[in-house]
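Quick notes on the structure that follows.
The values are calculated or read from the model by the stated rules, or taken from the named source; none is laboratory data. These numbers come from a predicted model, not from an experiment. A quick note on method: Cβ atoms are made from the backbone with ideal geometry, for glycine too, and the neighbour counts reach across all protein chains shown.
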Amino acid sequence: MEDKILSPYVLTAEEKRTINSHFSTHKDWEKGAFDSIKENLIADLRPKQHNKCCYCKSELGFDIKAVDIEHILPKSKHGKFTFHPKNLALSCPGCNTSKGSKEVVKRAVQNYPRSGANIVIIHAHFDNYNSSIQIHENAVYEGLDDKGCETIKQCKLYRLKTVQRKAREVSAKQSPIQELIESLRTAPQDEQRQFVEQLNLITGQINGN
Ligand SMILES: [Zn+2]
């Protein structure tokens, strides 16, 4: 199944007026005057993105700072596209921070691109995510083409393997058995073998052999 945003946010006439009167450089993005536009954007894009980050596909949170409005072409380099609806997608703060203001176009642009051809990463409005990245076990990202590999690099998606491992370690601390399973996962093979032998002895006793 295709995985991309099928239609961008549509700015209302009033929102366009607000932008015209309060926006001149990308730094204006932070102005309070745009708060309601941002809220409307997030509300509109959440279901269109199935509440997933456009780069790592992890679930987006609902608390303040749990979701970012990402400028696909970085606003510091492409200020005039700061409010261009096709330049906006929702991402997790981790991906947004990792991607930063790295350039994503191959050749300089005047008008907003109409396809992903000139863009080195997965563009949430133009490119089908599944053609470029395959995610294994919710944590390992495999680039299937150049766009996929560049997205993994720019958003540091390899960081999520560490995140998953830490999450497992935390949940392991909640039960001694879980902790045991976690240490077994990383134990040398001969120790794992010893464990299986001991386990066989124990279960033998339980079964009365
Ligand atoms: Zn993400």
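Of (1) more than 16 Å from the ligand (Cβ to nearest atom); (2) not in a loop (DSSP other than H, G, I, E, B), Leu11 satisfies all except one. Which?
It is condition (2) that Leu11 fails.
Going residue by residue through segment 96-106, is there one that turns out to be more than 18 Å from Lys156 (Cβ to Cβ), surrounded by fewer than 21 Cβ atoms within 10 Å (Cβ to Cβ) and out of contact with any Cys (no Cβ under 7 Å at 6 or more places or on another chain)?
Scanning segment 96-106, I find at least one residue that is more than 18 Å from Lys156 (Cβ to Cβ), surrounded by fewer than 21 Cβ atoms within 10 Å (Cβ to Cβ) and out of contact with any Cys (no Cβ under 7 Å at 6 or more places or on another chain), so the answer is yes.
Which of (1) acidic (Asp, Glu); (2) closer than 20 Å to Ile5 by Cβ; (3) out of contact with any Phe, Trp or Tyr (no Cβ under 9 Å at 6 or more places or on another chain) does Glu70 not meet, given it meets every other one?
So Glu70 meets the others, but not (3).
Any residue in segment 28-42 that is closer than 28 Å to Ile152 by Cβ, assigned by TED's automatic domain parsing to the domain that holds Ala124 and within 16 Å of the ligand (Cβ to nearest atom)?
Checking segment 28-42: at least one residue is closer than 28 Å to Ile152 by Cβ, assigned by TED's automatic domain parsing to the domain that holds Ala124 and within 16 Å of the ligand (Cβ to nearest atom).
Being under 29 Å from Tyr129 (Cβ atoms), of a type outside the set (Lys, Arg), more than 16 Å from the ligand (Cβ to nearest atom) and touching a residue at least 40 places away in the same chain (Cβ under 8 Å) narrows it down to one residue among Thr25, Thr82; which is it?
Thr82
Surrounded by 11 or more Cβ atoms within 10 Å (Cβ to Cβ), within 23 Å of Val67 (Cβ to Cβ), among the charged types (D, E, K, R) and free of Cβ contacts under 8 Å to residues at least 60 places away in the same chain - does that describe any residue in segment 160-171?
Checked against the condition, which is being surrounded by 11 or more Cβ atoms within 10 Å (Cβ to Cβ), within 23 Å of Val67 (Cβ to Cβ), among the charged types (D, E, K, R) and free of Cβ contacts under 8 Å to residues at least 60 places away in the same chain, segment 160-171 yields at least one hit.
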